[in-house]
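The values are calculated or read from the model by the stated rules, or taken from the named source; none is laboratory data. Just so we're clear, the structure is a prediction, and the values are computed from it rather than from any experiment. All Cβ positions, even for glycine, are placed from backbone atoms using ideal geometry, and neighbour counts span all protein chains on display. Accessible surface is based on the protein model in full, side chains and every heavy atom, while ligands, DNA and RNA are left aside. Shrake-Rupley method; radii C 1.70, N 1.55, O 1.52, S 1.80 Å.
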Amino acid sequence: MAEWHIGVIGGSGLYEPGDLQDAQEIQVNSAFGEPSGPIATGRIGGVKFSFIARHGAGHRLSPSDVNYRANVDALKRCGVTDLMAVSAIGSLREDIAPGEFVVVDQIIDRTLVRERSFFDKGIVAHVPLADPVCPRLSKMAGKACGKAGTRVHQGGTYVAIEGPQFSTRAESLMYREWGGDVIGMTAMPEARLAREAELPYVLIGMVTDYDCWRDKGDVDVAAILKVMAGNADKARSMLTHFGAGLPKQRKASPIDTILDTAIITPKDNWDPLASSKLDAITRRLWK
Ligand SMILES: CSC[C@H]1O[C@H](OP(=O)(O)O)[C@H](O)[C@@H]1O
Ligand SMILES: Nc1ncnc2[nH]cnc12
């Protein structure tokens, strides 16, 4: 059993975590390039948290420009044990309304041009991804959303599009046919990379709009921004309740050691350059 250390990736609208005590801002270098910005570390409810704003200060990075590998690697270097993503999402279902939260449990990946693996050269790994989020964290996050006073949907399929444009109406209708419940632009490759970094991942979507399947018009960014401000307050409250509600000690998760059975390249054949880039992620296996 060990201490929790929650990494938080704050999406559109959530640029700072709120109630972070003993806060410090640190710059963390990654062998995978530049993270989106500095990491704020501190404690919420006595639990360690490290926070990064996904789109950087002032929201300068588009979903395709976010260096997802560097962000996950930098948080791993800080020693986080688990990863919580908070994201603005559109709804593909009548019953999921703007202002509500969805604890996502499945993802359909429609992204096109992103680095999606830490194991792209010199060491080959195939991690399982059937269930891309951690059920334990999802349950606790759902409870925390409820305590923050928002209606929460426990489970839902997120369609990850490349963006930055919103979808065409035909695409939006097709995603509904596919079983998509919500839509966004960032859950992939983030969830893939979290799994490769042996970090249990939870994704809390804050609904801002109905995408374009429902009404005649377009998705309206001005309307999104209005809903987003209220959502961000609720997300900060959710983080406070989440920190307060965690059990004192963290029990091991199967995801903590997922690379034991995923790396197919024998250690003797590991490329030294790949190995040194992957030092934070594979250090556990060096012994
Ligand atoms: C501002 S609406 C579109 C934008 O918001 C979401 O970002 P994030 O997932 O980081 O909250 C969505 O994925 C798009 O990037
Ligand atoms: N309708 C939508 N499509 C894609 N990403 C979104 N993020 C928030 N609303 C969205």
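Things to note:
- Residue in the range 51-63 that is polar (S, T, N, Q), in contact (Cβ under 8 Å) with a residue 12 or more places away in the chain and open to solvent by 20 Å² or more (accessible area, probe 1.4 Å) present: yes
- Glu190, sole failed condition from (1) within 16 Å of ligand 2 (Cβ to nearest atom); (2) closer than 28 Å to Thr282 by Cβ; (3) assigned to a loop (DSSP other than H, G, I, E, B): (3)
- Residue check, Lys121 within 20 Å of Gly243 (Cα to Cα) and either touching a residue at least 12 places away in the same chain (Cβ under 8 Å) or within 14 Å of ligand 2 (Cβ to nearest atom) (or both): no
- Residue match in the range 205-212 (condition: farther than 19 Å from Lys139 by Cα, assigned to a helix (DSSP H, G or I) and either without any contact (Cβ under 8 Å) to a residue 40 or more places away in the chain or of a type outside the set (Val, Ile, Thr) (or both)): no
- Annotation: Ala232 fulfils all but one of (1) open to solvent by 20 Å² or more (accessible area, probe 1.4 Å); (2) touching a strand residue (DSSP E or B) at 6+ places or on another chain (Cβ under 8 Å); the unmet one is (1).
- Residues considered: Thr186, Thr240. Of these, the only one that is within 16 Å of ligand 1 (Cβ to nearest atom), hydroxyl-bearing (Ser, Thr, Tyr) and either over 19 Å from Ile96 (Cα atoms) or surrounded by 15 or more Cβ atoms within 10 Å (Cβ to Cβ) (or both) is Thr186.
- Qualifying residue in the range 17-26 (condition: small (Gly, Ala, Ser) and crowded, with 21+ Cβ neighbours inside 10 Å): no
- A single member of Ala97, Ala88, Ala130 is assigned to a strand (DSSP E or B) and either out of contact with any Lys or Arg (no Cβ under 9 Å at 6 or more places or on another chain) or away from ligand 1 (no atom under 16 Å from the Cβ) (or both), and it is Ala88.
- Criterion violated by Leu203 - all others in (1) open to solvent by less than 10 Å² (accessible area, probe 1.4 Å); (2) out of contact with any strand residue (DSSP E or B) (no Cβ under 6 Å at 6 or more places or on another chain); (3) under 20 Å from His153 (Cα atoms) satisfied: (2)
- In the range 64-85, residue farthest from ligand 1 (Cβ to nearest atom) [restricted to those that are outside any loop (DSSP other than H, G, I, E, B) and open to solvent by 30 Å² or more (accessible area, probe 1.4 Å)]: Arg77
- Residue under evaluation Gly180, criteria (1) modelled with pLDDT under 95; (2) within 16 Å of ligand 2 (Cβ to nearest atom); (3) not in a helix (DSSP H, G or I), criterion not met: (1)
- Taking the range 243-287 as the range and being within 30 Å of Leu20 (Cβ to Cβ), surrounded by fewer than 18 Cβ atoms within 10 Å (Cβ to Cβ) and touching a helix residue (DSSP H, G or I) at 6+ places or on another chain (Cβ under 7 Å) as the test, the residues that pass are Gly245, Ser253.
- Of the criteria (1) open to solvent by 10 Å² or more (accessible area, probe 1.4 Å); (2) outside any helix (DSSP H, G or I), which one Arg136 fails: (2)
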